[in-house]
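Right, one structure below, let's go through it.
The values are calculated or read from the model by the stated rules, or taken from the named source; none is laboratory data. Owing to the predicted nature of the structure, the values given are computational and were not obtained by experimental measurement. Neighbour counts run over all protein chains shown; Cβ positions are idealised from the backbone, glycine included. Protein only, heavy atoms only, side chains kept; ligands, DNA and RNA dropped before computing areas. Shrake-Rupley method; radii C 1.70, N 1.55, O 1.52, S 1.80 Å.
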Amino acid sequence: MPRRPVRRLAAAPAIALLLAGCGDSGVEQRWADYHRALEQSLDTAPIVRSSPTNISKLPRRRDRLFDIEDTREGILDVYALRKCRIVSLVAGRNNQLGRVAPPSQQWLYERKLWQRLSGCWNTPVPDGLADDDRQRLRRLTLTKTRQLPYVSWNALFDSEEWEKSFARASHAIDFSQANIAPDLAALDYLTAMVRHQFSREWVPDSGRLEQQLKTLRSRPLTAQTLRTLMLAAQRLDEATAALRQAPSGHCLPSRQPPALDATRKKAGQWLSAVNALFESLPVTPPPAMKSYRRRWLSLDNPKAPWASFQAALNEHHAERLRFQPCPDE
């Protein structure tokens, strides 16, 4: 889509002020203000800031997905199972639109196919089938039961939503202003779909699923969360180093590091929801995805962004206790 031309207005300062609140720039400005307040109170040299490293790329598609063997049956063989109500379903999957359906719709198809096959197997229908057709129904039911968790995994981690959630070009965000409730609801719905995948009563809503995926596509929240935690940990460590070099006789202003309560709360909520989705899937992840999750999404790995942020925050608060608050604050 071509970019819309930018109108150059005379009120340039106002435009600059609006832009300063976007992306890393607004978050960075608040950290710069905090560092400046420390520098003035400690009467020290300017705190040297460096950029945190970026998150790693997602594992390659072939390293994060499972190979699932295609299930092929002849038209007449499928028609023999017509009382299981799978003929039109299979035909829809094999037509031109069905073959290029996005992962989410393929997931819904595979789940509905399993529901109908397994439901049919537990009815009198098999007793009325020829031996070959009954064995075919049994084989298909067992195959789809075995494959469904892997289909669910591939549908999620091959999706555009998952890839975009980890976009490395993302920026830190101000969690004190960010509303992540819709994103959490979307992720919760996907987790519910996984947890109910072997329920013949629970019926997912295709329209609702696509709406939730649209919400997740709207911003790369996982990457933004990780970048925010990494930036905060870096700036806290830099501020802590300045405090350690200052004699205890100095006082500190009441200004606290920016948006830490909101960051801790909302980043923790989001990473917990992402991990809940992982844990809801009854499969052992591919090695590359298992390593990626441990390195970047873990809540207990000391080297992951969440634990590094918590450690940096605790060290900074402990160091601040050496100083008295400034009396004029």
Residue with peak Gaussian network fluctuation, the chain [Cα springs, cutoff 10 Å], from LEU117, LEU129, LEU184: LEU129
ASP63 accessible area, assembled protein chains, probe 1.4 Å, Å²: 50
Heavy-atom accessible surface of the chain: percent carbon and sulfur, 1.4 Å: 52
GluC sites (Glu not before Pro) within the stretch 193-293, DSSP loop, no more than 10 other Cβ atoms inside 10 Å: GLU201
Furthest towards positive pole of dipole, THR222, ALA239, PRO204, structure part the stretch 203-250, Cβ charges: PRO204
Cβ-placed point charges (K, R +1; D, E -1), dipole of the stretch 72-133 about Cα centre in debye, nearest 20: 440
GNM flexibility winner over the chain from GLY98, GLY268, GLY128 (Cα, springs under 10 Å): GLY128
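For TYR150, TYR34, give me the order by solvent-accessible area with a 1.4 Å probe, most accessible first, ignoring ligands, DNA and RNA.
TYR150, TYR34
When N counts the residues of the stretch 205-258, how does its alpha-carbon radius of gyration compare numerically with 2.2 N^0.38 Å, as a ratio?
For the stretch 205-258, the normalised Cα radius of gyration comes out at 2.01.
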In Å², nearest 10: area of ASP261 left accessible to a 1.4 Å probe: 110
Sparse-neighbourhood loop sites, chymotrypsin sites (Phe, Trp or Tyr not before Pro) in the stretch 183-256 - DSSP loop, at most 13 other Cβ within 10 angstrom: TRP202
Solvent exposure, largest accessible area first (probe 1.4 Å, DNA, RNA and ligands not counted), of THR141, THR53: THR53, THR141
Net dipole in debye of the chain [+1 Lys, Arg Cβ; -1 Asp, Glu Cβ; about Cα centre; nearest 20]: 920
Prolate/oblate/rounded call for the stretch 42-121, Cα gyration tensor, a/c under 1.5 rounded: prolate
In order through the stretch 180-192: 3J(HN,Hα) via Karplus (6.51 cos²θ - 1.76 cosθ + 1.60), integer Hz, x for Gly, Pro: 9, 4, x, 5, 5, 5, 5, 5, 4, 5, 4, 5, 5
Förster radius 41 Å - calculated FRET efficiency between GLU210 and ALA45 (Cβ-Cβ, nearest 0.05): 0.15
Inter-label distance, nm, simple model (7 Å from Cα along the C-beta direction), ILE68/ALA91: 2.4
Alpha carbon centroid spacing (whole Å) that separates the stretch 252-329 from the stretch 72-143: 46
Dipole of the chain [Lys/Arg +1, Asp/Glu -1 at C-beta], most positive-end residue of PRO52, LEU148, GLN29: LEU148
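With a probe of 1.4 Å, find how much accessible area the stretch 90-194 has per residue, and write the answer as a whole number in Å². It would help to have the intermediate numbers written out before the result.
Details: 4850 Å² over 105 residues.
The answer is 46 Å² per residue.
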Within the stretch 238-329: Cβ-based charge dipole about Cα centre, in debye rounded to nearest 20 (Lys, Arg +1; Asp, Glu -1): 380
Accessible-area value, ARG85, 1.4 Å probe, nucleic acids and ligands omitted, Å²: 150
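Of ARG134, ARG60, ARG295, which has the most accessible area with a 1.4 Å probe, and how do the rest follow in descending order?
Working: ARG134 65, ARG60 135, ARG295 95 Å².
Per-residue accessible area, sorted high to low, gives ARG60, ARG295, ARG134.
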